[in-house]
Amino acid sequence: MSTAGVAGSDGSSFGPVRPLARPRLYERLTERLLELVEERRLAPGDRLPPERVLSEGLQVSRASLRQAIVALEVQGLVEVRHGDGIYLCRPATTPASLAELLERKQRLPEVLEAREVLEVKIAELAAQRRTGDDVEAMARGLEHMSTAIAAGDLGADADAEFHRAVTLAAHNAVLAQLMEFLDEAVHETRLESLSQPGRPPLSLAGHEQIAQSIGDGDPLAAGEAMRAHLKVVADVRLLNWDPEGAPD
């Protein structure tokens with residue numbers, strides 16, 4: 001398709017006209033797969049049809065199908081259990097577009113860096129300054145997260161509750177304001193992490209270690225526990241996802 005300039009009615013040129021971008025095949029496939037989930041009324045924990053059946057039924061190559069499945073996997077919508085099958089992790093929702101995923105992939109490392117800089121210090125200060133009420137607030141957050149996970153939820157709200165309690169335990173108004181400013185971005189990293197298969201219980205264990213170190217009044221251990229926890233948070237499929245390898 002030519003991108004030559006288009007002349008206006010007065011003979012002027014508007015410059016090159018770029019062709020309309022079309023969705024890539026795997027983007028369309030992600031939407032179709034989630035439609036299939038709704039049509040079959042699959043619930044979290046249910047297995048999708050085998051890859052061979054999906055490929056034949058959708059009349060697409062396995063390479064295209066696999067890329068669509070990976071795009072759903074990095075969003076925490078499905079889990080691929082090698083040798084077993086593809087399982088639905090949470091209720092089907094509209095998948096993110098390629099542009100949205102790329103934006104998140106680019107932004108995520110910087111938010112994680114900011115979290116480490118701030119939250120490790122916050123944990124250290126919390127271990128030095130926590131009160132009995134602060135310790136109780138952290139314990140409530142842990143209890144709420146444990147209950148949510150047991151009920152099959154990601155526990156994101158309780159996760160946020162726990163981190164707020166740690167921040168308040170540092171008794172530093174400026175740090176608290178900075179964390180409030182980052183709240184939306186931090187929430188995005190939280191959902192990204194908790195959507196990974198098996199991640200909520202691992203996150204809870206990390207929180208328990210942080211709370212234990214703060215309660216013990218050990219700043220060094222509290223900071224290291226927070227750093228270890230944030231390393232787990234940073235371990236997400238999205239950061240290793242290569243959309244350039246997707247077939248058209």
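Odds and ends about this structure:
- Members of the stretch 75-88 that are crowded, with 16+ Cβ neighbours inside 10 Å and modelled with pLDDT of 80 or more: 77, 78, 79, 80, 86, 87, 88
- Residue 158 vs. criteria within 14 Å of residue 125 (Cα to Cα) and in the same structural domain as residue 125 (by TED's automatic domain parsing): no
- Residue identified as within 30 Å of residue 88 (Cβ to Cβ), aliphatic (A, V, I, L, M) and surrounded by 15 or more Cβ atoms within 10 Å (Cβ to Cβ) among 194, 178, 168: 194
- Subset of the stretch 52-81 (residues that are assigned to a helix (DSSP H, G or I) and within 25 Å of the chain's Cα centre (by Cα)): 63, 64, 65, 66, 67, 68, 69, 70, 71, 72, 73
- For the stretch 184-211, filtering for residues that are more than 15 Å from residue 232 (Cα to Cα) and at pLDDT 95 or above leaves 1.
- Scope the stretch 117-147; condition of a type in the set (Asp, Glu) and crowded, with 17+ Cβ neighbours inside 10 Å; matching residues: 119, 124, 134
- When the stretch 107-148 is limited to residues that are among the hydrophobic types (A, V, I, L, M, F, W, C) and over 19 Å from residue 225 (Cβ atoms), the one that is nearest to the chain's Cα centre (by Cα) turns out to be 108.
- Among the candidates 156, 165, the residue that is within 30 Å of residue 85 (Cβ to Cβ) and among the small types (Gly, Ala, Ser) is uniquely 156.
- Contact map, the stretch 70-91: residues that are within 17 Å of residue 188 (Cβ to Cβ) paired with residues that are of a type in the set (Val, Ile, Thr), Cβ distance under 8 Å, separation 6+ or inter-chain. Pairs shown: 74/236; 77/93.
The values are calculated or read from the model by the stated rules, or taken from the named source; none is laboratory data. Nothing here was measured: the structure is a model prediction, and the numbers come from that model. When we count neighbours, we look across all protein chains shown, and the Cβ atoms used for this are built from the backbone with ideal geometry, even at glycine.
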